[in-house]
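Trainee: Got a structure here, written out as structure tokens. Questions coming.
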Amino acid sequence: MSGDRAFFGHPRGLATLFFTELWERFSYYGMRALLILFMTAPLAAGGLAFETSKAAVIYGTYTASVYLGSLPGGWIADNVLGLRRATLWGGIIIACGHVLLAIPSEATFFAGLATVIAGTSLLKPNISTIVGQLYAPDDARRDAGFSLYYMGINLGAFLAPLVTTWLAQSPGFRATLAGWGLEPESAWHWGFGAAAVGMFAGVVQFVLGQRHVGADTGLPTGAAAERARRRLLLGLGGFAVAAAVLGALVATGALAISAEAAGRAFAVAEFALCIGLFGWMFLVAEWTPDERKRLLVVFVLFLASCVFWSVFEQAGSTLNLFADRSTRNEVLGFAFPSGWWQSVNSFWIITLAPVLSWVWLRLGPREPSSPAKFVLSLTLISASFFLMMAGARLATDGARVSALFLLGTYLMHSVGELCLSPVGMSAMTRLAPARMQGLMMGVWFLSISVGNLIGGQVASVYERFALPTLFGAVAAYAGLFAVVLLLLVRPIGRMLRA
């Protein structure tokens with residue numbers, strides 16, 4: 001598509017993918033902004049009245065599962081459905097999940113979360129791959145195209161909480177529902193419903209424009225395709241049987257399992273996966289000496305990414321609760337829903353991404369290395385929680401503190417994200433051998449999943465510790481790893497130059 005410049009100088013297909021991903025992120029971040037607030041809200045207010053410890057574990061397990069699902073989702077696209085069909089079916093399944101969340105019952109709530117996880121596993125890893133296929137390997141527009149696509153992600157993430165949390169939390173909308181003769185407590189589900197509408201818009205956008213993104217290539221045929229389909233059906237069948245048996249045991253009372261216990265089991269399984277994956281790569285897979293050095297760097301960056309995302313993802317849990325319970329949510333006398341804070345990170349990303357790109361270009365040969373940028377990201381996110389520790393001290397007597405604490409915290413989070421997220425994806429593809437490119441991108445998504453899982457465990461103790469202590473511990477944890485990584489920057493540089 002080298003001659004196609006219909007979308008701001010980029011292929012026409014990028015417009016289809018830009019808006020599809022915008023609406024998918026609208027649905028994801030719109031729902032995420034409500035998730036822990038809805039679970040912890042009293043029954044009288046329309047919530048589920050879960051303890052914060054339980055809600056945080058569910059939140060962390062959900063967000064971890066979304067990214068962990070990228071591994072099987074990518075395999076299904078590569079071996080069975082193809083990228084286009086996987087993306088389309090993923091969007092449809094996500095939309096159905098949000099519809100389930102819009103139905104007020106605890107059973108449909110959990111069914112909706114599981115359905116959104118399944119759909120995102122198909123869509124998230126594969127739509128990004130389609131973006132790369134729009135460009136020839138030597139097309140100079142490739143990086144700019146991904147930057148434009150990344151702006152679509154953040155535009156959706158910025159708009160979503162403004163809409164969904166206004167519907168769910170605004171006294172004005174609840175009064176409107178009462179005026180219509182509807183229960184004001186159902187406002188939460190109108191917010192979830194808005195997320196469903198967003199994803200349906202994304203599906204329509206993709207269907208109308210998919211002819212511009214090119215055809216799937218490289219799918220297995222013949223016996224290989226049949227083997228892949230059998231494996232998929234066998235895996236899905238085994239999962240369905242296990243889920244049905246477990247559900248029956250829980251429903252009949254033969255097995256009692258708490259959300260906390262399920263979360264711990266999931267955590268053990270995911271950490272076992274990480275140990276098995278890296279154990280296989282270090283001990284079994286065949287590497288040249290240079291590749292083995294690069295694998296060590298990948299492992300270090302993987303750990304740094306896990307730490308960063310475990311702290312960053314407090315945005316949807318501990319910081320969301322702090323915004324709701326301990327922050328003066330008003331500007332110049334205008335009061336706004338606490339969920340609007342979930343849009344601030346994306347606002348900073350949209351504002352600062354061009355600035356940071358300009359800074360790296362201006363630095364030229366003095367631009368920091370990838371590990372050095374990781375150190376900067378961890379330092380910033382550590383400093384953000386030292387700031388929150390000061391805010392928490394002011395809120396210990398039940399007072400609501402200035403919005404500047406969260407505003408500054410999200411500013412540091414956003415600069416840290418820009419120093420780590422795109423840099424990390426680029427580093428993984430650069431360090432990986434050509435035959436392992438897909439696996440290394442899966443490793444990157446796995447680090448985000450592990451970070452979300454750890455973040456949920458941290459949030460589960462929100463009410464067990466004094467907030468200054470909790471926020472201080474989070475800051476020290478990220479800061480300590482920043483120091484360790486700083487000591488490794490030069491050895492890593494020498495290793496890669498050797």
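Trainee: Does LEU420 meet the test of being under 20 Å from the mean Cα position of the chain (by Cα) and open to solvent by less than 10 Å² (accessible area, probe 1.4 Å)?
Mentor: yes
Trainee: Another question about this same structure. Quick one: in the stretch 94-134, of everything that is β-branched (Val, Ile, Thr) and either in contact with a strand residue (DSSP E or B) (Cβ under 6 Å, 6 or more places away or on another chain) or surrounded by fewer than 20 Cβ atoms within 10 Å (Cβ to Cβ) (or both), which residue is nearest to VAL443 (Cα to Cα)? Break it down into steps so the answer makes sense when it comes.
Mentor: Going through the stretch 94-134, the residues β-branched (Val, Ile, Thr) turn out to be 94, 99, 103, 108, 115-117, 120, 127, 129-131.
So of that shortlist, the ones also either in contact with a strand residue (DSSP E or B) (Cβ under 6 Å, 6 or more places away or on another chain) or surrounded by fewer than 20 Cβ atoms within 10 Å (Cβ to Cβ) (or both) come out as 99, 103, 108, 129.
Numbers: VAL99: 31, ILE103: 35, THR108: 32, THR129: 15 Å.
Per the stated criteria, the residue is THR129.
Trainee: Could you please find all residues in the stretch 278-306 being farther than 22 Å from VAL423 by Cβ and either under 21 Å from the mean Cα position of the chain (by Cα) or not hydroxyl-bearing (Ser, Thr, Tyr) (or both)?
Mentor: Hits for the stretch 278-306 are GLY279, TRP280, PHE282, LEU283, VAL284, ALA285, GLU286, TRP287, PRO289, ARG292.
Trainee: Within the stretch 297-322, can you find the residues that are among the aliphatic types (A, V, I, L, M), more than 16 Å from LEU376 (Cα to Cα) and either crowded, with 24+ Cβ neighbours inside 10 Å or without any contact (Cβ under 8 Å) to a residue 12 or more places away in the chain (or both)?
Mentor: Within the stretch 297-322, LEU319 is the sole residue that qualifies.
Trainee: Follow-up question, since we're still on this one. In the stretch 172-199, what residues are open to solvent by 70 Å² or more (accessible area, probe 1.4 Å) and more than 22 Å from TYR28 (Cβ to Cβ)?
Mentor: Filtering the stretch 172-199 down to residues open to solvent by 70 Å² or more (accessible area, probe 1.4 Å) leaves 180, 182-183, 190, 197.
Selection gives TRP180, LEU182, GLU183.
Trainee: Taking only pairs six or more apart or across chains, which ones have beta-carbon atoms under 7 Å, a first residue in the stretch 349-373 that is on the phi < 0 side of the Ramachandran plot, and a second residue that is not in a helix (DSSP H, G or I)?
Mentor: Partner pairs satisfying both residue conditions: TRP360/GLU367.
Trainee: Can you say whether ALA64 is crowded, with 18+ Cβ neighbours inside 10 Å and touching a Pro at 6+ places or on another chain (Cβ under 9 Å), as far as the supplied structure shows?
Mentor: The answer is no for ALA64.
Trainee: Go through the stretch 200-221 and report how many residues are closer than 18 Å to LEU162 by Cα and exposed (fewer than 15 other Cβ atoms within 10 Å of the Cβ).
Mentor: The total comes to 0.
Trainee: Would you point out which residue out of ALA399, ALA372 is aliphatic (A, V, I, L, M), outside any helix (DSSP H, G or I), farther than 17 Å from GLU313 by Cβ and open to solvent by 20 Å² or more (accessible area, probe 1.4 Å)?
Mentor: Values: ALA372 fails: outside any helix (DSSP H, G or I).
From the options ALA399, ALA372, the qualifying one is ALA399.
Trainee: Go through (1) at pLDDT 80 or above; (2) on the phi > 0 side of the Ramachandran plot one by one and return the number of the condition GLY253 breaks.
Mentor: (1)
Trainee: Can I ask one more? In the stretch 222-253, which residue that is farther than 25 Å from ALA111 by Cα and hydrophobic (A, V, I, L, M, F, W, C) is surrounded by the fewest Cβ atoms within 10 Å (Cβ to Cβ)?
Mentor: Ranking the qualifying residues of the stretch 222-253, first place goes to ALA223.
Trainee: While we're looking at this one, here's another question. Filter the helices (runs of 4 or more DSSP H) completely within the stretch 100-180 down to those with at least 3 residues that are hydroxyl-bearing (Ser, Thr, Tyr) and at pLDDT 85 or above.
Mentor: 106-133
Trainee: Related question: Among the residues in the stretch 43-59, are any within 16 Å of the chain's Cα centre (by Cα), open to solvent by 10 Å² or more (accessible area, probe 1.4 Å), under 20 Å from GLY263 (Cα atoms) and not hydrophobic (A, V, I, L, M, F, W, C)?
Mentor: no
Trainee: May I pose another question? Do we have PHE465 as open to solvent by 40 Å² or more (accessible area, probe 1.4 Å) and over 24 Å from the mean Cα position of the chain (by Cα) here?
Mentor: yes
Trainee: Still on this structure, please answer the following. Please go through the stretch 352-377 and pick out each residue that is of a type in the set (Gly, Ala, Ser) and in contact with a helix residue (DSSP H, G or I) (Cβ under 9 Å, 6 or more places away or on another chain).
Mentor: ALA353, SER357, SER369, SER370, ALA372, SER377
Trainee: Which of the residues spanning the stretch 15-42 are over 20 Å from TRP341 (Cα atoms), among the aliphatic types (A, V, I, L, M) and crowded, with 23+ Cβ neighbours inside 10 Å?
Mentor: So in the stretch 15-42, the residues over 20 Å from TRP341 (Cα atoms) come out as 15-21, 42.
Filter again for among the aliphatic types (A, V, I, L, M), leaving 15, 17.
Result: LEU17, single match.
Trainee: I would also like to ask the following. Could you list all residues from the stretch 272-296 that are loosely packed, with under 11 Cβ neighbours inside 10 Å and not in a helix (DSSP H, G or I)?
Mentor: VAL284, GLU286, THR288
Trainee: Looking at the stretch 182-199, is at least one residue outside any loop (DSSP other than H, G, I, E, B), closer than 16 Å to LEU17 by Cα and either in contact with a helix residue (DSSP H, G or I) (Cβ under 9 Å, 6 or more places away or on another chain) or among the charged types (D, E, K, R) (or both)?
Mentor: yes
Trainee: With respect to PHE386, is the statement that it is in contact (Cβ under 8 Å) with a residue 24 or more places away in the chain and crowded, with 22+ Cβ neighbours inside 10 Å true?
Mentor: no
Trainee: Going through the stretch 11-56 one residue at a time, which ones are part of a loop (DSSP other than H, G, I, E, B) and either without any contact (Cβ under 8 Å) to a residue 24 or more places away in the chain or out of contact with any His (no Cβ under 9 Å at 6 or more places or on another chain) (or both)? Break it down stepwise before answering.
Mentor: As a first pass, look at the stretch 11-56 and keep what is part of a loop (DSSP other than H, G, I, E, B): 11, 41-42, 46-51.
Correct list: ALA41, PRO42, GLY47, LEU48, ALA49, PHE50, GLU51.
The values are calculated or read from the model by the stated rules, or taken from the named source; none is laboratory data. All values derive from a computational prediction rather than experimental measurement. Using ideal geometry, Cβ is built from the backbone for each residue, glycine included, and neighbour counts are taken over all protein chains shown. Keep in mind that these areas ignore ligands, DNA and RNA; they rest on the heavy atoms of the full protein, side chains included. Shrake-Rupley method; radii C 1.70, N 1.55, O 1.52, S 1.80 Å.
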